[in-house]
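Inspection log for the structure reproduced underneath, given as structure tokens.
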Amino acid sequence: MAKLSKKWSWGRLLPGSWRLVATVDAADEVPLRLPRRGFVLVGSRQRPRWLAFDCPCRARHRVLATLDSAHSPHWNLGRTRKLTVWPSFDCRGPAGRCHYFIRDGRVLWISEKAWAK
Ligand SMILES: [Zn+2]
């Protein structure tokens, strides 16, 4: 029954790292306002289909990433205490390119300069 959720307990996320704020049934039920470093799973905790959060950049635009392996590309959640997602996020926000990893609850920005020109 709850085998997977025992191993992968979001409740043990450490303070200060990204945290699960809600699990909803459909993407259009994701709250319009999310706290900083708060994320929402669409589907169920055991079988999430989408990951939604606000970009950690200043513009805080919404990012919606599919976790469904039938889609290409898709993202994967690490079964770790702190939020880990791969591959990286690379999107065009209102203020330019946002390219970063989320590893162990931390945002690792990939230098824009390394990719420019
Ligand atoms: Zn952004």
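Tabulated data
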read-out	value
Sole exception among (1) more than 20 Å from C98 (Cβ to Cβ); (2) within 16 Å of the ligand (Cβ to nearest atom) for D28, by number	(2)
Condition met for R33 (surrounded by 15 or more Cβ atoms within 10 Å (Cβ to Cβ) and basic (K, R))	no
Search result, residues across region 36-59 that are free of Cβ contacts under 8 Å to residues at least 40 places away in the same chain and surrounded by fewer than 14 Cβ atoms within 10 Å (Cβ to Cβ)	R36, S44, R47, R58, A59
Residues that are surrounded by 13 or more Cβ atoms within 10 Å (Cβ to Cβ), in a loop (DSSP other than H, G, I, E, B) and within 10 Å of the ligand (Cβ to nearest atom), drawn from region 60-101	R60, H61
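Coordinate-derived values only; no laboratory data. Just so it is clear, the model here is predicted, and its values are computed rather than measured. Positions of Cβ are backbone-derived with ideal geometry, glycine not excepted, and every protein chain shown enters the neighbour counts.
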